[in-house]
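Asker: Just dropping this structure here.
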Amino acid sequence: MREEKNNQRPILPLDTSTRDVNPTAPPVHVNSTSNVHRGTHLKQRLRDSTKLIAPLIVVYVLISCLQQHYTRFRFDLPVHRPTGICKQEQPLRPSTNVAGKITHALKSDDFAARAAEALGGAVRVSTEVFDGWGLVGSDPRWGNFSLFHTYLEATFPRTHASLSLTKVNTYGLLYEWKGSDDTLAPLLLMAHQDVVPVDPAAYSLWKEPPYSGKLVDGYIWGRGSVDFKSGLIGILLAVETLLEEGWTPKRTIILSFGFDEETSGVQVKAL
Ligand SMILES: *[C@@H]1O[C@H](CO)[C@@H](O)[C@H](O)[C@H]1NC(C)=O
């Protein structure tokens with residue numbers, strides 16, 4: 001209201017908006033009228049408050065998400081399922097005897113030690129990948145994936161004896177565990193073998209060396225222990241354990257492990 005009293009024209013259509021509409025137009029010379037000053041001031045204030053509010057909204061959303069996540073895990077509450085496009089399926093709960101036995105085995109200290117050793121060993125085989133490497137076959141720096149495969153074969157012998165394995169573009173791993181019922185759609189489990197390089201200058205900042213794979217106070221240290229050798233070893237150890245228990249799948253299970261997820265991802269397109 002005050003503005004209307006002082007000025008004939010409304011504040012908003014500023015000269016700057018003309019430039020927004022036509023980016024090729026030369027900058028418009030602006031006389032320092034009170035109108036423009038006040039408009040600019042208003043815009044600046046708006047911008048300042050947006051700067052403050054935007055991070056607050058982000059923090060709020062993050063906290064809400066985490067809260068929901070943990071509440072669900074800690075208390076095993078039913079998942080809130082909004083109706084609509086992203087329908088969530090009911091969780092599948094294992095019901096067979098063998099799953100019961102395995103669930104019991106998974107809680108043992110022996111199994112925890114075995115899992116920690118399997119993951120620690122995987123971390124110790126460094127599979128760093130760098131941007132700018134040449135293609136597999138022409139650049140020998142991909143060679144460590146052979147060492148990694150040897151490690152997997154030694155650590156999961158039953159898996160390698162029972163599943164068929166196709167190597168895609170030399171280092172991509174595609175396992176197939178044939179199910180008894182061909183009419184069921186297969187289950188696909190994915191992970192990647194490569195890790196982000198560790199900057200040598202940052203080595204000293206690590207509490208434990210980045211390729212030690214050491215278990216300290218319940219944590220396995222090293223590159224890949226979270227992203228994503230944990231997933232890869234978790235999947236293979238699950239398969240190995242199920243095979244040890246004599247379990248066979250009804251539905252075909254496919255495991256797909258790429259090797260350049262942390263760079264371009266182009267070399268495992270075929271996977
Ligand atoms: C390959 O493995 C060796 C021995 O662990 C390691 O020194 C080297 O950094 C690794 N190379 C890559 C590219 O990960």
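The values are calculated or read from the model by the stated rules, or taken from the named source; none is laboratory data. In this text the structure is predicted, and so the values were computed from the model without any measurement. Using ideal geometry, Cβ is built from the backbone for each residue, glycine included, and neighbour counts are taken over all protein chains shown.
Condition check ((1) over 22 Å from the mean Cα position of the chain (by Cα); (2) hydroxyl-bearing (Ser, Thr, Tyr)) across all residues:
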| site | (1), (2) |
| --- | --- |
| SER138 | yes, yes |
| PHE145 | no, no |
| GLU153 | yes, no |
| PHE156 | yes, no |
| SER162 | yes, yes |
| GLY172 | no, no |
| THR183 | yes, yes |
| VAL196 | no, no |
| GLY213 | no, no |
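Asker: Considering only residues that are away from the ligand (no atom under 16 Å from the Cβ) and not aromatic (Phe, Trp, Tyr), look in the range 209-228 and name the one that is surrounded by the most Cβ atoms within 10 Å (Cβ to Cβ).
Answerer: ILE220
Asker: Hey, another quick one. Among the residues of the range 160-198, what is the count of those that are of a type in the set (A, V, I, L, M, F, W, C) and crowded, with 17+ Cβ neighbours inside 10 Å?
Answerer: 9
Asker: Please verify whether the range 247-260 includes one or more residues that are within 16 Å of the ligand (Cβ to nearest atom), more than 22 Å from THR159 (Cβ to Cβ) and not in a strand (DSSP E or B).
Answerer: There is at least one residue in the range 247-260 that is within 16 Å of the ligand (Cβ to nearest atom), more than 22 Å from THR159 (Cβ to Cβ) and not in a strand (DSSP E or B).
Asker: Can you list residue pairs whose Cβ atoms sit under 7 Å apart, with the first residue in the range 135-151 being modelled with pLDDT of 95 or more and the second being near the ligand (Cβ under 8 Å from one of its atoms) and aliphatic (A, V, I, L, M)? Count only pairs 6 or more apart in sequence or on different chains.
Answerer: Every condition considered, the pairs that remain are ASN144/VAL125; LEU147/VAL125; PHE148/VAL125; TYR151/VAL125.
Asker: Just a yes or no: is a residue in the range 119-136 crowded, with 16+ Cβ neighbours inside 10 Å, over 23 Å from THR166 (Cβ atoms), under 25 Å from the mean Cα position of the chain (by Cα) and more than 15 Å from the ligand (Cβ to nearest atom)?
Answerer: Checked against the condition, which is being crowded, with 16+ Cβ neighbours inside 10 Å, over 23 Å from THR166 (Cβ atoms), under 25 Å from the mean Cα position of the chain (by Cα) and more than 15 Å from the ligand (Cβ to nearest atom), the range 119-136 yields at least one hit.
Asker: Something else now. I'd like to check something: does the range 152-160 contain any residue that is part of a loop (DSSP other than H, G, I, E, B) and either away from the ligand (no atom under 13 Å from the Cβ) or within 18 Å of SER256 (Cβ to Cβ) (or both)?
Answerer: Within the range 152-160 (the criterion being part of a loop (DSSP other than H, G, I, E, B) and either away from the ligand (no atom under 13 Å from the Cβ) or within 18 Å of SER256 (Cβ to Cβ) (or both)), the answer is yes, since at least one residue qualifies.
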